[in-house]
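S.K.: This is the structure I have questions about; it appears just below.
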Amino acid sequence: MAVQNPCAGIGDWDAFRSLMPVCRRYIYFDHAAVAPLPDPTRRAVEAWLHEATEHGDVNWLQWAEQIEALRRETAEFLGALPIEIALVRNTCHGISIVAEGFPWRPGDNVVIPAHEFPAIKCLGLRWQTGVSRCVVFHRKMTGPSTSGPWKKPAIREPVFLL
């Protein structure tokens, strides 16, 4: 019995993969830590670098408008308002913004898997008095284990998992 492509009908995946030079050599499963750039992104960055090198920041207003156009297009695509779209440098930056802006209270606990990307474990949060951070280990990892796949942390409610 043939396995049906779960993405069939969604788009031209061969055309999409052709935009990713890394796919010429590898079967790449993006893990969101460091992702390869597609050709259109590389070309846009190269164009910006050339412009910034040759002209400095005299086109700053055009760059700002490009960012706002991206925000509007993304909002339209997602069915959101442009003001609801945050453009951040990377995943860790976005999580840090949310964590820093969250209304933490004494007794809150943040649970972070031990195998998480290092920058997530070291968010640089200004932990308020009474807010704790608990790193849990998978039983196959080096570290304490209990029954079940995760070490049960000694925590009180509520729990926030990052």
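The values are calculated or read from the model by the stated rules, or taken from the named source; none is laboratory data. Predicted, not measured: the structure shown is a model, and the values here were computed from it. Cβ coordinates were reconstructed from backbone atoms using ideal geometry, including for glycine residues, and neighbour counts include every protein chain displayed.
S.K.: In the range 14-54, what residues are assigned to a loop (DSSP other than H, G, I, E, B), under 26 Å from CYS92 (Cβ atoms) and either charged (D, E, K, R) or touching a strand residue (DSSP E or B) at 6+ places or on another chain (Cβ under 7 Å) (or both)?
M.R.: Of the range 14-54, the ones assigned to a loop (DSSP other than H, G, I, E, B) are 19-20, 25-38.
Okay, now just the ones that are also under 26 Å from CYS92 (Cβ atoms), so 19-20, 26-38.
Matches in the range 14-54: ASP30 only.
S.K.: Could I ask something else about it? Tally time: how many residues in the range 55-84 are more than 21 Å from the chain's Cα centre (by Cα), part of a helix (DSSP H, G or I) and farther than 28 Å from MET20 by Cα?
M.R.: Looking only at that region, the number is 3.
S.K.: Take ALA80 and tell me if it is without any contact (Cβ under 8 Å) to a residue 40 or more places away in the chain, among the small types (Gly, Ala, Ser) and at negative phi.
M.R.: Working: without any contact (Cβ under 8 Å) to a residue 40 or more places away in the chain: yes; among the small types (Gly, Ala, Ser): yes; at negative phi: yes.
Judged against the criteria, ALA80 is a match.
S.K.: Hey, another quick one. Hey, can you tell me all the residues within the range 37-69 that are in contact with a Leu (Cβ under 7 Å, 6 or more places away or on another chain) and of a type outside the set (Val, Ile, Thr)?
M.R.: PRO38, ASP39, PRO40
S.K.: Which one of these is exposed (fewer than 13 other Cβ atoms within 10 Å of the Cβ), within 21 Å of the chain's Cα centre (by Cα), closer than 26 Å to LEU19 by Cα and modelled with pLDDT of 90 or more: LEU87, LEU49? Explain how you work it out, then say what you get.
M.R.: Values: LEU49 fails: within 21 Å of the chain's Cα centre (by Cα).
Sole residue among the options that is exposed (fewer than 13 other Cβ atoms within 10 Å of the Cβ), within 21 Å of the chain's Cα centre (by Cα), closer than 26 Å to LEU19 by Cα and modelled with pLDDT of 90 or more: LEU87.
S.K.: For the range 83-110, name all the residues that are small (Gly, Ala, Ser) and touching a residue at least 40 places away in the same chain (Cβ under 8 Å).
M.R.: At the first step, the residues of the range 83-110 found to be small (Gly, Ala, Ser) are 86, 94, 96, 99, 101, 107.
Those that are small (Gly, Ala, Ser) and touching a residue at least 40 places away in the same chain (Cβ under 8 Å): ALA99, GLY107.
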